[in-house]
1. Could you tell me which numbered condition Glu196 fails, if it satisfies all but one of (1) closer than 28 Å to Leu300 by Cα; (2) within 15 Å of the ligand (Cβ to nearest atom); (3) surrounded by fewer than 24 Cβ atoms within 10 Å (Cβ to Cβ)?
2. Select, from Leu229, Leu233, the only residue that is within 16 Å of the ligand (Cβ to nearest atom), in a helix (DSSP H, G or I), of a type in the set (A, V, I, L, M, F, W, C) and in contact with a strand residue (DSSP E or B) (Cβ under 9 Å, 6 or more places away or on another chain).
3. Answer with yes or no whether Trp101 is open to solvent by less than 40 Å² (accessible area, probe 1.4 Å), modelled with pLDDT under 95 and either outside any loop (DSSP other than H, G, I, E, B) or touching a Pro at 6+ places or on another chain (Cβ under 8 Å) (or both).
4. Gly256 versus (1) small (Gly, Ala, Ser); (2) at pLDDT 95 or above; (3) surrounded by 14 or more Cβ atoms within 10 Å (Cβ to Cβ); (4) away from the ligand (no atom under 16 Å from the Cβ): which is the lone unmet condition?
5. For Asp223, which of the numbered conditions (1) in a helix (DSSP H, G or I); (2) open to solvent by less than 10 Å² (accessible area, probe 1.4 Å) fails to hold?
6. Please verify whether segment 153-162 includes one or more residues that are farther than 30 Å from Ser281 by Cβ, without any contact (Cβ under 8 Å) to a residue 24 or more places away in the chain, more than 16 Å from the ligand (Cβ to nearest atom) and part of a strand (DSSP E or B).
7. Given the conditions (1) within 16 Å of the ligand (Cβ to nearest atom); (2) in the same structural domain as Glu225 (by TED's automatic domain parsing); (3) surrounded by 16 or more Cβ atoms within 10 Å (Cβ to Cβ), which single one is not true for Arg178?
8. Would a scan of segment 184-193 turn up a residue that is within 16 Å of the ligand (Cβ to nearest atom) and touching a residue at least 40 places away in the same chain (Cβ under 8 Å)?
Amino acid sequence: MCGSLLSGGLEREELDSGPWYAGIEAGGSKWRVGVGRSPAVIADDTITTTNPDSTISACVEAIRGMGVPIDGAGIASFGPLDLNPTSHTYGFIKTTPKPGWSNTDVKGRIERELGIPAAIEIDVGGAALGEAWWGAGRGLDSFVYVTVGTGIGAALLRSGRTSHEHGHPEMGHISVERETEDAFAGVCPFHRSCLEGMAAGPAIRARWGVPSTELNDRAEVWDLEARYLAQGLATYAYTLVPQRIIVGGGIMQQPGLLELVRKRLAERINGYGPAPPDVESFVVPPELGQDAGLIGAIALALDRFETTTVRPP
Ligand code: ZN
């Protein structure tokens, strides 16, 4: 293990106060890597995603360069991932449209090159873990974390764990019914008009002809968006019965959209079923913001490898 000090960082006795863990947010356009054992990451770096060899090597070099002895790594990766522990390709990125990345052994390569054990989760599952430990999911037994951006992904956290044994859910690809005035065909390459195909960023751009950032003042755009998202959230509420739904991602930065989603969800549920009547506390924004993936990856490592620290309430 490298024993050098962080530049301007920790003193020797602080390094000894570990164990420390690496967090790796493996995204389709960039990787963020950091070391820590809490949301206060002590060192972090960002790498542009290129091909698997270069990206993983740069990630390993960045972590080594931080000079902190680490006991394990958490990886929150873009997918689809093989998360079936009995599979011989467990921890691999499966077939993906992203050139060169299909069948990449992300978990195994990180473990071999850093010489430490690694845990892997789908990106949205990692972010959900971060929210469970240190964000809007604190103290809850069950919640759904949804991200609405270039895609739509969601994870169910139950009793502090992402809820899957044979693979991660694909909750962005559920069916939705077409809103009456909407003639848009949808853009999902697999299902056309699934939730992601109708309501993620590329769908908004294709339907209206301009990026979502140029549609800020178009009320009809965001009301339609809110109705599709409310369809998705109603399905999650009815099938998973979470105590809360946390909704984040780039599209949710649109001012007023969260309030519209709450309104349309309340209308759709119409007082029926297990969702709490207080939609304001049922549908909330995330608390960890842009750092959710990295912090969630560190939470994942703590969850899997830490034996001395009690999990935060
Ligand atoms: Zn789809």
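The values are calculated or read from the model by the stated rules, or taken from the named source; none is laboratory data. Note that the coordinates shown come from a computational prediction; the quantities given were computed from them, not determined experimentally. Note that each Cβ is placed from the backbone with ideal geometry, even for glycine, and that neighbours are counted across all protein chains shown. These accessible areas exclude ligands, DNA and RNA; they are computed on the full protein's heavy atoms, side chains included. Shrake-Rupley method; radii C 1.70, N 1.55, O 1.52, S 1.80 Å.
1. (3)
2. Values: Leu233 fails: within 16 Å of the ligand (Cβ to nearest atom).
Unique residue meeting the criteria: Leu229.
3. Details: open to solvent by less than 40 Å² (accessible area, probe 1.4 Å): yes; modelled with pLDDT under 95: no; either outside any loop (DSSP other than H, G, I, E, B) or touching a Pro at 6+ places or on another chain (Cβ under 8 Å) (or both): yes.
Judged against the criteria, Trp101 is not a match.
4. (3)
5. (2)
6. Start the filter on segment 153-162 by keeping residues that are farther than 30 Å from Ser281 by Cβ, which leaves none.
Taking every residue of segment 153-162 in turn, none turns out to be farther than 30 Å from Ser281 by Cβ, without any contact (Cβ under 8 Å) to a residue 24 or more places away in the chain, more than 16 Å from the ligand (Cβ to nearest atom) and part of a strand (DSSP E or B).
7. All conditions are met except number (3).
8. Residues of segment 184-193 within 16 Å of the ligand (Cβ to nearest atom): 184-193.
The next check asks that each one be touching a residue at least 40 places away in the same chain (Cβ under 8 Å); those that pass are 189.
The answer is yes, given that some residue of segment 184-193 is within 16 Å of the ligand (Cβ to nearest atom) and touching a residue at least 40 places away in the same chain (Cβ under 8 Å).
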